[in-house]
Protein chains: 2
Amino acid sequence: MLNNLNNKKIPTKIYLSEEEMPKAWMNIRAAMKEKHEPFLNPATLQPCTAEELSKVFCSDVVEQELDQENLFIPIPQEIREFYKMYRPSPLTRAYFLEKLLDTPAEIYYKFEGNNTSGSHKLNSAVAQAYYAKLEGLKSVTTETGAGQWGTALAMACAFFGLDLTVYMVKVSYQQKPFRREVMRTYGAEVIPSPSNTTDVGRKILAEFPETGGSLGCAISEAVEKAVKTPDCRYLLGSVLDHVVLHQSVIGLESKIAMDKYGIRPDVVIGCAGGGSNLGGLIAPFMVDKLNGKNDIDFIAVEPASCPSLTRGKYAYDFCDTGKTTPLARMYTLGSGFMPSPNHAGGLRYHGMSPIVSKLYHDGYMRAVSVEQTEVFKAAEQFARVEGTLPAPESAHAIKVAIDEALKCKKTGEKKVILFGLTGTGYFDMTAYGAYNDGKMSDYIPTDEDLERGFASLPDIPQNKGI
Amino acid sequence: MLNNLNNKKIPTKIYLSEEEMPKAWMNIRAAMKEKHEPFLNPATLQPCTAEELSKVFCSDVVEQELDQENLFIPIPQEIREFYKMYRPSPLTRAYFLEKLLDTPAEIYYKFEGNNTSGSHKLNSAVAQAYYAKLEGLKSVTTETGAGQWGTALAMACAFFGLDLTVYMVKVSYQQKPFRREVMRTYGAEVIPSPSNTTDVGRKILAEFPETGGSLGCAISEAVEKAVKTPDCRYLLGSVLDHVVLHQSVIGLESKIAMDKYGIRPDVVIGCAGGGSNLGGLIAPFMVDKLNGKNDIDFIAVEPASCPSLTRGKYAYDFCDTGKTTPLARMYTLGSGFMPSPNHAGGLRYHGMSPIVSKLYHDGYMRAVSVEQTEVFKAAEQFARVEGTLPAPESAHAIKVAIDEALKCKKTGEKKVILFGLTGTGYFDMTAYGAYNDGKMSDYIPTDEDLERGFASLPDIPQNKGI
């Protein structure tokens, strides 16, 4: 492609000035000719109303969740001030990696790990905490598994003076005491889930006293706590449209930085768990594609152990294992699907952002799945030449970026590759240790495993024939 | 002071462009009218020759160690390329902290934690690894306690293709498995010390089979291994003059960034363990003070538990507990001094950089000591408003920066305060956990504790009357 029109030397890192930072988020849905299906109330099978959603979520956030018209939604001044604390994040030219691979491709990555939460999660955490404060709430609840979202929200709540209760999956609470202490240092109350602080927790504990908990159970506890506490709401860190909206700051900053140097990506790659970082990274590039202005190859990368896009069904499903949330039409393995417990990454969610699912379903992007050992190999390779030890999640994108660059080496194509380096692996050293010791698992679900997951899909008319 | 002459709005973060980054390190000694005393060979009590030092250290590094004439020493191109991987580091205006403290002071900090080693240590690690490679060495050794230096050196050695053996204090090896795994991911061999890979290790193990090791013992093992291995040298991460030289990149970048906006600091604050980050941060400002161009208040902050400047003696002492190194004239508690085991920070070294010691001795800077609980209180306060969870070491500087800003609040003075935020606390969560649980120790050594340490000082003519 015609790149670097200005013929400027491209620095290793491109930082924007504060004036160049985005003043509005970008709402991909406004550019989609066909919108994704609405949330359904599982009791009535009718689209959820704003009123229904507002019982759980903050009202400003619900408004954003339902907005399909406005392409740009202004970022409030207070959030922009907070963003300045850790943004702009650098857009980095991977000169060292290019040299190592001996590829004619240009590789860029947008690095979101330069903050204490260690990931992009803070982009939405600060927005959600701000709206909660604006609404006059006193406290909020959430759940966390690996701990990135819980940490990000703890930081945001400390800043805005909101009490936060984090239900942390018990096995993570025990195995990741450091994550827990970061959240506590930021003033959050961290409760191992299941706990005796909720009805659902007590019920599960009575039945399975020795359980290590699950994300589904932690969500159910956090929602119950929010609904039963005055002036309290529940906040969610991925999947939903408003989270993808807040994450668009990643893609917007990337595009502004690339435009400054006349760089136009041919391939954009992101790891896909719930889909919010991917949706945010691709936002402005995808909007241009939807408007016929580019033909970028968008690639969602998921673990072979939890292949919702590549092997899942595009069906209505619950967002949580406990089946308490509204139904979303998305690529899903079924809320009852259990990925291999050996898998180290945070990309273990059974479903996928409805926006990403729809774009994939309509052919605007493709998806590939990768196995764990090769992901950690790519992570190690990257860390040694580019310096940053990546989060296992981010390493999925690195793996495919390397694959694409090596294809260019064969064909001689000078493609421009952009990928999202969503975070650092500093709290994932147990997984790196397993890799260093040659003890990674590459278990891939069998067709029978998948069938068991699909059996948990709701048996509703909307899912007939899917 | 006359600040912000250009009347530009000062952004939260000031980044330099690649062209603005320093092309030479700054050698403070060249500006010192009176130099510090030379290293002495403990056997002959004569100044160490370059030849003697070259048996342990790389020859380029020895040349830098002994250079007292050249104010600027060019940074080789290869090192400058590596620096671009994680530099420039941001100079940050602590707007949020200023607001919290309601102070008329302007507070700035230079943040060195945005790299996987989590600290400034990488600045010297890359330089030392480069020179080792240039000399044709195959391997290098070092020791590590908390793990920051070991991690930094592992990153640098992976990049330049050098084998690295790290002797890690056994108790840290066991208590900090995550640090160990980061080093292993970067290809380093990490050996718990004492080990059976060296004579000194075997001897200690025979005598104390259950010992958790010490930094002194790990240094002795690393030096022995280097001396006995062909094409191998030992690298050290602090204290020595060449390390301070490499760390001058911190101060040089800070000054360039401040000059761009017409900012002139009144107070410059750094934490002081071995003294290399402090020496690096103050370098260009101190050179101006030595030349009569400013009257900046330089403050070295040390833990009350290990008060080498505030309660130590300015004497000749060994750099290691094992008494195998040359003798340096420095502020020291005696190489036999043992700080309270409860202290969490990495500022546990018995001595202090000879450069910093001399500047302090000659009245160019002052020193204060602070207690651990108040340091963690400052760390928590800082983390909540400025986002970054600081390393316990860095939090010593934060504590005193806050104190200085609060003094300004009382007096109404609009001082400009600069401090060094040397690193992040992501691998120090055990210490934060102790703080969160109210279980920090504030033990301060008694005069008797200090006397026991001083008793270990070498009984040589040069130490008479000190």
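Taking the beta-carbon count within 10 Å as an exposure proxy, list B:Y83, A:Y109 from fewest neighbours to most.
Ranked by crowding around the Cβ, least crowded first: B:Y83, A:Y109.
Towards the positive end of the charge dipole of the protein assembly as shown, with charges on Cβ (+1 Lys, Arg; -1 Asp, Glu), say which of B:M429, A:P194, B:C271 has the farthest Cα.
B:C271
Largest first and in whole Å, what are the equivalent-ellipsoid semi-axes of region A:346-466 based on the Cα gyration tensor, each being the root of 5 times an eigenvalue?
30, 21, 13
How about region B:10-89: which GluC sites (Glu not before Pro) there lie in a loop by DSSP and see at most 11 other Cβ atoms within 10 Å?
Hits after loop and neighbour filter: B:E34, B:E69.
What relative contact order, as a whole-number percentage, does chain B give when Cα pairs under 8 Å and 6 or more residues apart are counted? List each step's numbers first, then the result.
Working: 986 pairs, mean separation 91.6, N = 466.
Normalised by residue count, the contact order of chain B is 20 percent.
From zero up to wherever the largest Cα-Cα distance of region B:242-297 sits, split into 10 Å bins and tell me the percent of pairs in each.
In whole percents, the pair-distance histogram is 26, 56, 18, 1.
Every other copy gets compared here: list the nm distances from the B:K35 label point (7 Å along Cα to Cβ) to its counterparts, shortest first, one decimal.
Those label-point separations list as 7.7 nm.
How many percent of Cα pairs in region B:323-401 exceed 19 Å?
Percent of Cα pairs beyond 19 Å in region B:323-401: 49.
Of all DSSP beta bridges in region A:265-408, what percent run antiparallel (nearest 5)?
40 percent
With Kirkwood's inverse mean 1/r over C-alpha pairs for Rh, give me the Rg to Rh ratio of chain B, two decimals please.
A ratio of 0.94.
Quick one: label points 7 angstrom along Cα→Cβ at A:E20, distances to the other copies in nm, smallest first?
1.3
Assuming 1.306 mPa s and 10 °C, estimate D for region A:47-171 with Stokes-Einstein, Rh taken as the Kirkwood radius over Cα pairs, in µm²/s.
Estimated diffusion coefficient is 95 µm²/s.
With both bridge residues required to lie in chain B, what share of the DSSP beta bridges run antiparallel, to the nearest 5%?
35 percent
Please arrange A:I107, A:I256 by counting, for each residue, the other beta carbons lying within 10 Å of its beta carbon, fewest first.
Numbers: A:I107 27, A:I256 17.
Listed from fewest to most nearby Cβ atoms, that is A:I256, A:I107.
Listed here are the pairs A:K260/B:K415; B:K289/B:K464; A:K84/A:K133; A:K110/B:K138; which of them are more than 30 Å apart at the Cα?
Beyond 30 Å: A:K260/B:K415; B:K289/B:K464; A:K110/B:K138.
State the answer as a single residue: which of A:G136, A:G212, A:T151 lies farthest towards the positive end of the charge dipole of chain A, with beta carbon charges of +1 for Lys and Arg and -1 for Asp and Glu, about the Cα centre.
Comparing the listed Cα positions along the dipole, A:T151 ranks first.
Let's test this: bin the Cα-Cα distances of region B:413-466 at 5 Å from zero up to the farthest pair and state each bin's percent.
With 5 Å bins starting at 0, P(r) equals 4, 11, 10, 10, 11, 12, 18, 12, 9, 2.
Relative to the other copies, what are the label-point distances for A:N291, with labels 7 Å from Cα along the C-beta vector, expressed in nm at one decimal and sorted shortest first?
Copy-to-copy label distances for A:N291: 5.3 nm.
Provide the FRET efficiency to the nearest 0.05 for the A:A50-A:K410 pair, computing r from the beta carbons and using R0 = 45 Å.
0.30
What is the pair-distance distribution P(r) of region A:104-174, computed from all Cα-Cα distances in 10 Å bins starting at 0, with each bin given as a whole percent?
It works out to 20, 44, 24, 8, 4, 0, in whole percents.
Rounded to two decimal places and with Rh computed the Kirkwood way over Cα pairs, what is Rg over Rh for region B:87-229?
On the way: Rg = 18.4 Å, Rh = 16.6 Å.
Dividing the radius of gyration by the Kirkwood radius yields 1.11.
Once Rh is set to the Kirkwood radius over Cα pairs, what Stokes-Einstein translational diffusion coefficient, in µm²/s, holds for the protein assembly as shown at a temperature of 37 °C and a viscosity of 0.692 mPa s?
Rounded to a whole number, D works out at 114 µm²/s.
Counting other C-beta atoms within 10 Å, and keeping those with at most 15, which DSSP coil trypsin sites (Lys or Arg not before Pro) do you find in region B:273-315?
In loop regions of region B:273-315 (DSSP not H, G, I, E or B), the sparsely surrounded trypsin sites (Lys or Arg not before Pro) are B:K293.
Placing one identical point scatterer on every Cα of region B:183-335 and ignoring solvent, what is log10 I(q)/I(0) from the Debye formula at q = 0.14, 0.15 Å⁻¹?
-0.87, -0.95
Values quoted throughout were computed directly from the atomic coordinates according to the rules given, and no laboratory measurement underlies them. Computed from a predicted model, the values in this text were never measured in an experiment. For neighbour counting, all protein chains shown are included, and Cβ atoms are generated from backbone atoms with ideal geometry for every residue, glycine included.
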